[in-house]
Amino acid sequence: MSEAVAVITDIHANLPALEAALDRIDELGIDRVYCGGDLVGYGPHPNEVCRLIEQDAIPTTYGNYDYAIARDLEDCGCAYVTQHDRELGQRSVDWTLAHTDQHSKDFIRELPFDLRFDVGDRSVHLVHGSPRKVNEYLFEDKPASLYERLAATEEADTLVFGHTHKPWVREYGGVLFVNCGSVGKPKDGDPRGAFAVLRRGADHPEVTIERVAYDADAVAREVAAAGLPAEYAEKLVAAA
């Protein structure tokens with residue numbers, strides 16, 4: 001039984017952010033790390049991120065982006081508010097399909113939908129979006145009734161997920177819901193990478209959301225130089 005674990009998710013081909021997160025996890029003295037997927041998409045380092053996750057043997061679920069790119073699909077399963085957003089998203093999918101090598105595609109194709117592990121004597125269930133669907137967005141402001149329904153069917157004490165890129169922690173129906181945020185593409189106004197640390201607790205693990213700085217400006221320049229949408233570069237710095 002582990003006394004503490006770190007959960008990273010939504011790396012989105014941002015190698016410096018991933019390296020910074022892993023360095024911080026080492027500093028915290030945590031030797032068990034899990035990943036909630038979306039290793040690729042939006043960022044300029046899809047193969048390097050896949051290699052590092054594979055090299056470090058980090059147990060990882062697939063994200064919606066991983067699922068699509070591994071199978072050469074042109075729809076990443078993302079939700080877009082406007083047609084402009086959809087067009088930008090398609091440019092990212094096209095670029096990622098063209099720049100993710102076969103080794104990386106093979107690696108992410110074999111990732112599981114979910115993972116289960118313990119923190120102390122408490123059970124944890126890790127998914128990318130939700131236990132129902134890889135690309136379901138579990139936002140903090142969704143109705144409590146949604147989370148109570150999910151809690152009623154959840155076997156674990158704690159449900160950990162990502163996909164929205166906005167971290168939050170709350171208990172519903174006796175289950176602790178933990179959104180880890182995003183290591184490589186935050187959307188909560190803080191450009192630092194985010195990940196969750198779960199430590200042994202009483203009724204549930206004690207959870208902290210860690211933030212780690214990295215050279216987001218340098219990655220933003222790489223995004224622009226790679227031919228990815230400039231707006232993605234701007235959002236890495238603004239994290240909005």
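The values are calculated or read from the model by the stated rules, or taken from the named source; none is laboratory data. All figures in this text were calculated on a predicted structure; none of them were measured in a lab. Quick reminder, even Gly has a Cβ in these numbers, built from the backbone with ideal geometry, and neighbours come from all protein chains shown. All accessible areas refer to the heavy atoms of the entire protein, side chains included, with ligands and DNA or RNA removed. Shrake-Rupley method; radii C 1.70, N 1.55, O 1.52, S 1.80 Å.
A few remarks follow.
- The range 196-207 - phi-based ³J(HN,Hα) in whole Hz, Karplus 6.51/-1.76/1.60, Gly and Pro as x: 9, 10, 10, 10, 3, x, 7, 6, 9, x, 7, 10
- Extension gain (nm, one decimal) between residue 54 and residue 81, 0.36 nm per residue minus Cα-Cα: 6.4 nm
- Sequence of 200, 211 when ordered by accessible area, the most exposed leading, probe 1.4 angstrom: 200, 211
- Low-density loop cleavage sites - GluC sites (Glu not before Pro) in the range 55-164, where at most 11 other Cβ are within 10 Å (DSSP): 74, 110, 155
- Split the accessible area of the chain by element, probe 1.4 Å, and carbon with sulfur accounts for 47%.
- For the chain, the solvent-accessible area with a 1.4 angstrom probe is 42 square angstrom per residue.
- Placing +1 on the Cβ of every Lys and Arg and -1 on the Cβ of every Asp and Glu, with nothing else charged, gives the chain a dipole about its Cα centre of roughly 380 debye.
- Residue-count net charge about residue 174 - beta-carbon cut-off 15 Å; Lys, Arg +1, Asp, Glu -1: -3
- Where 103, 128 fall by accessible area, highest first, once all protein chains stay in place (1.4 Å): 103, 128
- Using the Cβ of residue 52 as centre and a radius below 13 Å, the other residues enclosed give a net charge of -4, where K and R count +1 and D and E count -1.
- Net charge dipole size for the range 1-88 [Lys, Arg +1 and Asp, Glu -1 on Cβ; Debye, nearest 20]: 120
- Working note: Karplus 6.51/-1.76/1.60 with θ = phi - 60° gives the range 161-168 the couplings 7, x, 6, 7, 6, 10, x, 6 Hz, where Gly and Pro are set to x.
- Rounded to 10°, Cα long-axis angle of helix 46-55 versus longest principal axis of the chain: 40
- Gain on full extension, evaluated as 0.36 nm per residue between residue 31 and residue 146 minus their Cα-Cα distance, stands at 38.0 nm.
- Considering only alpha-carbon pairs that sit under 8 angstrom and 6 or more positions apart, the relative contact order computed for the chain is 23 percent.
- Candidate lysines for bridging to residue 142, where Cα separation is under 27 Å - those fewer than 8 sequence places away on the same chain excluded: 133, 166, 185, 187, 235
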